[in-house]
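**Student:** Got a structure for you, questions after.
The values are calculated or read from the model by the stated rules, or taken from the named source; none is laboratory data. Because the structure is predicted, anything quoted here is derived from the model rather than measured. FYI the Cβ positions are ideal-geometry reconstructions off the backbone, even for glycines, and counts take in every protein chain you see. Quick note on the areas: whole protein, heavy atoms, side chains included, nothing else; ligands and nucleic acids left out. Shrake-Rupley method; radii C 1.70, N 1.55, O 1.52, S 1.80 Å.
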Amino acid sequence: MFEFTSIRFSSVMNPILGVAFGWPAIFGCAVGNFVCDLYFYGISVALLGFLPQIIYGAFPFLVWQKIVRSKTNMTRLDTPRTTILFVVLIFLDSLIIGLTTALIQILFNPSLDFIWKMTCLNDFDACVIFGLPLIVVIDYFRSKLLHNGRRRLSFNEIIIIFFGIVEILMFCAVTIFAFFKVGTENKESLWIAVFSVTFAMLIISVGIMTLSSA
């Protein structure tokens, strides 16, 4: 699935794990992404991409820490307010990394104009689809370990887990369908098809989740 949708988890997980675990996760994901860029694109692109990857993880972490985080409420998405804040942060972060990717591509390979456009959509889509439920799961187990148990999941968190499972299943189904229908001849069209459909489902899911939790 990830070969055809061009998702690299060392990149996608950076803002999610950055919000959850801070600087160790931010630098760890940046190093992982550096190794991948080094293998696929060479030393120049890898070096240029290392600092943006740190910024990519640090931006949502620092904003989240400033607005939401406290000793008793670390990464809890128990209200529509925190859920919407997370989505907005990921959206802004995806724009930042997408524009940075565009600059790198202009310098090294201007003909690949589609990649930076899909970077914004790929990262935002994947970060929210995997990030929302992952943040809930991380917070649940961390609270259980640190505080010897935690309150029950809020209705907002239950809705996030439910739609997260549905989104992941639909993501896999759409990818498999696109693979057999489109094949491997035109990966650009394949990415656009997969993420356009999942993006539409994502927006609908977040809307229903927010209305249901309000």
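**Student:** Which order do the peptides 78-85, 52-59, 92-99, 38-45 come out in when sorted by mean C-beta neighbours inside 10 angstrom, highest first? Numbers along the way, then the final one.
**Tutor:** Working: 78-85: 17.1, 52-59: 21.2, 92-99: 18.6, 38-45: 12.9.
Those peptides, ordered most packed to least, come out 52-59, 92-99, 78-85, 38-45.
**Student:** In whole percent, and with a 1.4 Å probe on the protein chains, what portion of the accessible area of region 20-93 is carbon and sulfur?
**Tutor:** Numbers: 2840 of 3790 Å².
Exposed carbon and sulfur together represent 75 percent of the surface.
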